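Data first, discussion second: the structure below is written as structure tokens.
What follows draws every value from the coordinates through simple rules; no lab data is involved. Predicted, not measured: the structure shown is a model, and the values here were computed from it. Glycine gets a Cβ as well: all are built from the backbone with ideal geometry, and neighbour counts include every protein chain shown.
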Amino acid sequence: MLAKLKSYSPGLLLTLLLAAAAFLLNRLVPGDLLGTSILALVLGMACHRLLKRLPQAAAGVQFASTTVLKLGIILMGISLSFSQVLMVGRYALLLMLCTLTTAFGGGYLLARLYKVDWKLSSLLSASTAICGGTAVATLGPVIEAEDTHIAYAISATFLFDLLTVILFPWFGRLLGLTDISYGLWVGTAVNDTSSVVAAGYGFSDAAGSFAVIVKLTRTLFIVPIVLTFSFIMARRKLKAAGKAQAAAPVNIASIFPWFVLLFAAMVAVKSTGVLPESVVSGISALSKLFMIMALGAIGLKTSFQEVKGVGWKPMALGVSIDTSVVFVALAAQAILQRLF
């Protein structure tokens, strides 16, 4: 065990340094405009050649991109609670179901139109439907997506979020939205949490607070989505092995992503309210550090040329999915207001 940890230490140290650099650079950029996630990923990609010159770091980088990533996801549960679901109400939950259906249903159809690989299209849909880069990093290993596709999906998310931060407050005022209506729109249609904060509070403090609550509730959908894609991945593997789908039993225990249960357990712990806020803040900070280290590791394993080689069609697909969700979130909200 000690020997294995020793072999991981050079790579873990490298990803830790990348995370520290990302946090430092993010503090220099006003308004959390870029975010530590995208900075860690880009810094890692910029150091891609360095990894080839440091073969002793490869094992630790791989460990960070898999195990450390899962630890980060598990600990992330401490920042969420089931009471948030009750707080946003059934109205917001119905709206989230509309945007989830649009992201995954529309993403599937558009992926066939654009002829984009199903794994990459699923990452783009998950990013839009749930929580941006975190959803991409979580779902990627479950469907065995390439690091290039994970990096591409996170980059596409960043570009769209950059536009939403700038345009959403302006459109919200133009449409005459109330604080609650705008917060609901941002919380269901904007991808990354930092972008939700920026776009929400760019309208008003009340809208920003509500948008963050809705966004965090949306993050809980990561559990059923990961479980669903675990099953889909297992079925595809059986079909690829030449077995008939109807006669292909899926061993649930072997494909079940157990880390998702631990994530839910952390949410349950937070929901009880037994932990002091200082402990919650500490665990949440550790979770963020692990996630940033993991994204730095994914970047290290990916070159800019590889991401560029993916082509323009996935980017067009990502923009199409994001744009569809933005309009569906607004239209569905108007319809639900009339019904309730």
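Working note: Karplus 6.51/-1.76/1.60 with θ = phi - 60° gives the range 204-217 the couplings 5, 5, 5, 5, x, 4, 5, 4, 5, 4, 4, 4, 5, 4 Hz, where Gly and Pro are set to x. Computed over the chain, relative contact order equals 34 percent, with contacts defined as Cα pairs under 8 Å that lie 6+ residues apart. Taking other Cβ atoms within 10 Å as a rough exposure proxy, 4, 70 sort from fewest to most as 4, 70. I want to verify the translational diffusion coefficient of the range 98-201 in µm²/s; compute it with Stokes-Einstein, Rh as the Kirkwood radius over Cα pairs, at 25 °C and 0.890 mPa s. My calculation gives 174 µm²/s for D.
Computed over the alpha-carbon atoms, the range 69-147 gives an Rg to Rh ratio of 1.03, Rh here being the Kirkwood radius from the mean inverse distance. Here the Debye sum runs over all C-alpha atoms of the range 1-143 as equal scatterers in vacuum, and log10 of I(q)/I(0) at q = 0.10, 0.13 Å⁻¹ comes out as -0.49, -0.79.
Globularity index of the chain is 0.98 (Cα radius of gyration / 2.2 N^0.38 Å, N = number of residues). Straight-line cross-link partners of residue 215 among the lysines, defined as a Cα under 19 Å from its Cα and at least 8 positions apart when in the same chain: 270, 288. The string of couplings for the range 299-308 from the Karplus curve (6.51, -1.76, 1.60, θ = phi - 60°) is x, 4, 8, 10, 9, 4, 5, 5, 5, 4 Hz, one whole number per residue in order, with x for Gly and Pro. Within the range 150-211, all pairs of alpha-carbon atoms sorted by distance into 5 Å bins from zero give the percentages 4, 23, 32, 21, 11, 6, 3, 0.
You can think of it this way: the chain between residue 86 and residue 236 has 50.4 nm of extra reach, that is 0.36 nm per residue less the Cα-Cα gap.
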